[in-house]
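Structure, as structure tokens:
The values are calculated or read from the model by the stated rules, or taken from the named source; none is laboratory data. What you see is a predicted model, and the numbers here were worked out from it, not measured in a lab. Here the Cβ is made from the backbone with ideal geometry for all residues, glycine too, and neighbour counts use every protein chain on show. Please note that ligands, DNA and RNA were not included when accessible areas were found on the heavy atoms of the full protein model with its side chains. Shrake-Rupley method; radii C 1.70, N 1.55, O 1.52, S 1.80 Å.
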Amino acid sequence: MRNFARRLIGQEAGDTKSYGAQIPAAFRGCEKLRLHLATFMGNAGFRTVLARALALSAREVPWLRVVRIKTDGPLERLDEFEAQLDRNDFTEGGEVLLAHLLGLLVAFIGASLTLRLVRDVWPKVPLDDLDFGEGNRG
Amino acid sequence: MKTEAIMKKQSRPTKPASPKKVRNQPAKVTIRKLPTGVRGLDEILGGGVPELSFNIIAGTPGCGKTTLAHQIVFANATPRKPALYFTVLGEPAIKMLRYQQQYSFFDQSKLGQAIRFFNLSDVVTEQDLNAVLEEIIRQVKASNPGIVVVDSFRTVVRKAAAGASEGDMQMFIQRLAQFLTSWEATTFLVGEYVPEEMRDNPVFTVADGLFWLSQVTERNSVGRKLQVFKLRGQASVPGLHTFRIDDDGLQAFSRSLGMNSKDMNGLRGRRRLSTGIPELDQMMNGGLIEGDSLLVAGPSGTGKSALATHFIAEGLRRGEAAIVALFEERPQGYVDRAASLGMHLKTPQQKGKLEVLYLRPLDLSVDEITHEILEAIRQVGAKRLVIDSLVGFEMALAPGFREDFRESLYRMIVALTGAGVTILTTVEVEDNFTSLQYSHYTVSFLTDDIIRLRSVEIDGQLRKVIAVIKMRGGNHSKDIREYVITDKGVVVIHPRSTDYERLITGIPTRTGPRPPQADEAAPEPKATK
């Protein structure tokens with residue numbers, strides 16, 4: 001799942017023109033997924049899944065413990081964290097969070113449907129070689 | 001002769017068309033019917049859901065409303081005419097996708113382009129009815145959908161209408177219905193309603209179609225039923241229809257299954273079908289009349305199933321495909337037992353000439369069983385059908401369906417004979433010694449012919465006798481004949497005995513001379529294979 005997240009973040013790093021360019025690239029994936037998923041899950045629905053992903057991620061990346069989610073779903077104060085933290089730590093946080101978010105989606109709706117949703121957001125990212133083996137959520 | 005007829009037809013003066021009539025007959029609008037994607041439901045609805053109609057799918061929690069809505073959506077949505085599925089508070093959308101994708105109709109490739117989910121929870125929670133309506137309008141205009149579902153509409157109304165007057169609510173529903181129809185959408189509002197609400201809730205007045213799903217728990221079984229309370233513009237089949245939910249989603253079984261005149265190709269010729277027991281054929285004046293329904297009644301151990309197997313084996317020998325619907329034993333056991341009586345059913349079974357159905361007991365409806373049998377009849381082109389037995393059949397039904405057993409059985413027999421098969425049904429009756437029952441169900445009126453098997457005490461033995469009680473299509477033997485069951489099957493062994501009277505009581509009285517009684521082996525050794 002980390003590879004999956006890394007690939008999406010890599011796509012975002014090279015994209016400075018589309019939606020959310022002001023959001024740090026490491027976390028832009030979560031935001032783009034939010035916009036897409038909130039359409040059918042509702043903001044509150046997305047927020048609860050993201051909160052769970054954040055809780056799981058914070059076990060691996062301690063600084064994520066202080067990150068808060070706004071009522072409508074986006075993450076708060078990311079630019080501040082980006083300024084304070086080491087670049088690699090910050091990027092790792094984004095990667096781990098996105099990986100857990102995708103992992104939760106796979107757990108809830110399956111790999112096939114998750115990939116379908118991801119393709120809606122990142123139609124150009126090659127995803128066919130991804131392996132979603134059991135227990136590969138983190 | 002033919003030419004003459006044509007000449008006559010041509011020379012007949014043509015009736016002048018009434019100018020008034022021509023002027024006043026503009027073409028009626030053709031209402032296209034959308035398939036529901038639910039097996040059996042289109043037939044109940046009179047062809048499908050009328051396009052552009054405004055419908056309600058109502059019922060208690062867990063009765064299959066969302067699944068029905070999904071089936072309709074997946075059956076109709078295309079990228080050009082997508083379906084817009086509004087979810088509201090209630091089942092979270094992510095869980096809905098989790099569960100619904102388990103059904104075979106769930107086609108992932110349709111998600112996004114052809115089927116679009118939109119969550120209304122935020123608007124419903126934070127704003128009023130007007131805002132909900134505006135959001136629906138905005139999304140419908142953006143997607144231009146052919147189908148719109150609001151699931152659950154009741155939640156929308158409950159939450160958003162808090163503080164709204166009855167007038168506001170009526171106006172909201174009116175505007176919603178008007179807008180969605182004008183935008184050429186067929187709409188389904190899904191809601192957890194109870195029948196008592198139908199009287200006062202304005203949404204039921206506005207709706208063109210009202211589909212009510214319910215599930216009734218009786219003892220340990222659950223029966224699911226569907227009723228089309230109203231459907232403007234076309235004739236649906238009235239009454240409660242049973243339905244089942246399995247891996248393919250809902251499957252409905254119409255009360256009038258197989259009873260439509262177009263489906264009826266029943267045989268009412270005078271051809272006689274051999275039962276496979278020559279002496280019994282003679283007693284029946286040449287055999288069973290094709291297209292008849294024959295009831296074979298008798299107590300346990302008298303050979304009802306064996307007789308029924310003769311009927312099937314004889315048909316197969318003559319090239320007539322057959323169905324055996326079993327309720328009491330497994331197909332393998334049945335086939336093995338037939339072989340022990342000298343009738344080999346494996347080969348015709350493998351060749352597709354014989355279908356042995358084992359109908360899953362305990363929670364079936366008669367309509368479901370009828371559907372299974374009709375399907376099998378169509379598949380193998382069956383001419384003969386055995387239902388073994390009525391007692392097992394009744395046991396296989398959910399308790400709620402047993403109450404209507406006689407009525408349901410009537411519908412089933414009509415549907416099955418209408419499908420062109422000749423039916424032999426067995427029924428177990430308890431022998432008593434004062435009367436001769438034909439069945440416990442008072443269903444003999446359903447059958448054209450009745451054969452009664454009976455155990456009698458003769459010369460210190462429990463023997464078996466057979467009699468033809470009734471043949472609606474003609475005369476029959478009045479003899480009571482003794483028979484045995486050997487490894488050759490049922491064999492009628494003696495001519496009518498005049499040495500006894502009151503045979504039908506089971507304890508006859510000897511009136512003739514007593515012949516010498518030799519010690520002999522039992523006249524009906526059990527088959528050993």
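Residue B:140 - would you say it is more than 14 Å from chain A (Cβ to nearest Cβ), under 26 Å from residue B:32 (Cβ atoms), hydrophobic (A, V, I, L, M, F, W, C) and under 35 Å from the mean Cα position of the chain (by Cα)?
no
For the stretch B:119-157, give me each residue that is free of Cβ contacts under 8 Å to residues at least 40 places away in the same chain and touching an Asp or Glu at 6+ places or on another chain (Cβ under 7 Å).
Once the filter is applied, which keeps residues that are free of Cβ contacts under 8 Å to residues at least 40 places away in the same chain and touching an Asp or Glu at 6+ places or on another chain (Cβ under 7 Å), the stretch B:119-157 yields B:120, B:123, B:154.
Tally time: how many residues in the stretch B:144-168 are part of a helix (DSSP H, G or I) and open to solvent by less than 20 Å² (accessible area, probe 1.4 Å)? Walk me through it before giving the result.
Within the stretch B:144-168, the first condition is being part of a helix (DSSP H, G or I), and the residues that meet it are B:153-160, B:166-168.
Imposing the further condition that a residue be open to solvent by less than 20 Å² (accessible area, probe 1.4 Å) reduces the set to B:153, B:156, B:160.
Here the count works out to 3.
Which of the residues belonging to the stretch A:2-39 are open to solvent by less than 20 Å² (accessible area, probe 1.4 Å) and modelled with pLDDT under 85?
A:12, A:20, A:24, A:26 - these are the residues of the stretch A:2-39 that are open to solvent by less than 20 Å² (accessible area, probe 1.4 Å) and modelled with pLDDT under 85.
Residues of the stretch B:399-432 being open to solvent by less than 10 Å² (accessible area, probe 1.4 Å) and over 14 Å from the mean Cα position of the chain (by Cα), which ones?
Of everything in the stretch B:399-432, those that are open to solvent by less than 10 Å² (accessible area, probe 1.4 Å) and over 14 Å from the mean Cα position of the chain (by Cα) turn out to be B:420, B:421, B:422, B:423, B:424, B:425, B:426, B:427, B:429.
Check residue B:140 against each of (1) closer than 18 Å to residue B:184 by Cα; (2) open to solvent by less than 30 Å² (accessible area, probe 1.4 Å); (3) not in a helix (DSSP H, G or I) and name the one condition it does not meet.
(3)
Quick check on the stretch B:318-329. Is at least one of its residues under 17 Å from residue B:426 (Cβ atoms) and surrounded by fewer than 18 Cβ atoms within 10 Å (Cβ to Cβ)?
Taking the stretch B:318-329 and keeping what is under 17 Å from residue B:426 (Cβ atoms), we get B:322-329.
Now restrict to residues that are surrounded by fewer than 18 Cβ atoms within 10 Å (Cβ to Cβ): B:329.
Yes: one or more hits.
Please determine whether any residue of the stretch B:274-294 is out of contact with any Lys or Arg (no Cβ under 7 Å at 6 or more places or on another chain), open to solvent by 20 Å² or more (accessible area, probe 1.4 Å) and at pLDDT below 90.
Scanning the stretch B:274-294 turns up no residue that is out of contact with any Lys or Arg (no Cβ under 7 Å at 6 or more places or on another chain), open to solvent by 20 Å² or more (accessible area, probe 1.4 Å) and at pLDDT below 90.
Evaluate the stretch B:175-184: report whether one residue or more is surrounded by fewer than 16 Cβ atoms within 10 Å (Cβ to Cβ), polar (S, T, N, Q) and under 27 Å from residue B:43 (Cβ atoms). First the steps, then the outcome.
Going through the stretch B:175-184, the residues surrounded by fewer than 16 Cβ atoms within 10 Å (Cβ to Cβ) turn out to be B:175, B:178, B:181-182, B:184.
So of that shortlist, the ones also polar (S, T, N, Q) come out as B:178, B:181-182.
Going one step further and asking which of them are under 27 Å from residue B:43 (Cβ atoms), we end up with B:181.
Within the stretch B:175-184 (the criterion being surrounded by fewer than 16 Cβ atoms within 10 Å (Cβ to Cβ), polar (S, T, N, Q) and under 27 Å from residue B:43 (Cβ atoms)), the answer is yes, since at least one residue qualifies.
Within the stretch A:52-75, work out how many residues are open to solvent by 40 Å² or more (accessible area, probe 1.4 Å), within 20 Å of residue A:106 (Cα to Cα) and within 14 Å of another protein chain (Cβ to nearest Cβ).
1
Where in the stretch B:20-119 are the strands (runs of 3 or more DSSP E), entirely inside, with at least 3 residues that are within 14 Å of chain A (Cβ to nearest Cβ)?
Hits in the stretch B:20-119: B:83-87, B:115-119.
Determine, yes or no, whether residue A:110 is in a helix (DSSP H, G or I), within 14 Å of another protein chain (Cβ to nearest Cβ) and not basic (Lys, Arg). Don't jump to the end; show me each part of the working.
On the way: in a helix (DSSP H, G or I): yes; within 14 Å of another protein chain (Cβ to nearest Cβ): yes; not basic (Lys, Arg): yes.
In short, yes.
Residues B:228, B:216, B:222: which one is surrounded by 17 or more Cβ atoms within 10 Å (Cβ to Cβ) and not in a loop (DSSP other than H, G, I, E, B)?
B:228
Can you name the number of the only condition in (1) within 14 Å of chain B (Cβ to nearest Cβ); (2) open to solvent by 50 Å² or more (accessible area, probe 1.4 Å) that residue A:42 fails?
The number of the failed condition is (2).
Tally up the residues in the stretch B:85-107 that are among the polar types (S, T, N, Q) and open to solvent by 40 Å² or more (accessible area, probe 1.4 Å), please.
Keep residues of the stretch B:85-107 that are among the polar types (S, T, N, Q), which gives B:87, B:100-102, B:104.
Subsequent filtering for residues that are open to solvent by 40 Å² or more (accessible area, probe 1.4 Å) retains B:101-102, B:104.
The total comes to 3.
Report every pair of residues separated by at least 6 positions or lying on different chains whose Cβ atoms are under 8 Å apart, first residue within the stretch B:470-498 and at pLDDT below 85, second aliphatic (A, V, I, L, M) and open to solvent by 30 Å² or more (accessible area, probe 1.4 Å).
Close Cβ pairs satisfying both conditions: B:491/B:485; B:496/B:480; B:497/B:480.
In the stretch B:120-137, which residue that is of a type in the set (A, V, I, L, M), farther than 18 Å from residue B:185 by Cα and buried (at least 17 other Cβ atoms within 10 Å of the Cβ) is nearest to the other protein chains (Cβ to nearest Cβ)?
Within the stretch B:120-137, the match that is nearest to the other protein chains (Cβ to nearest Cβ) is B:120.
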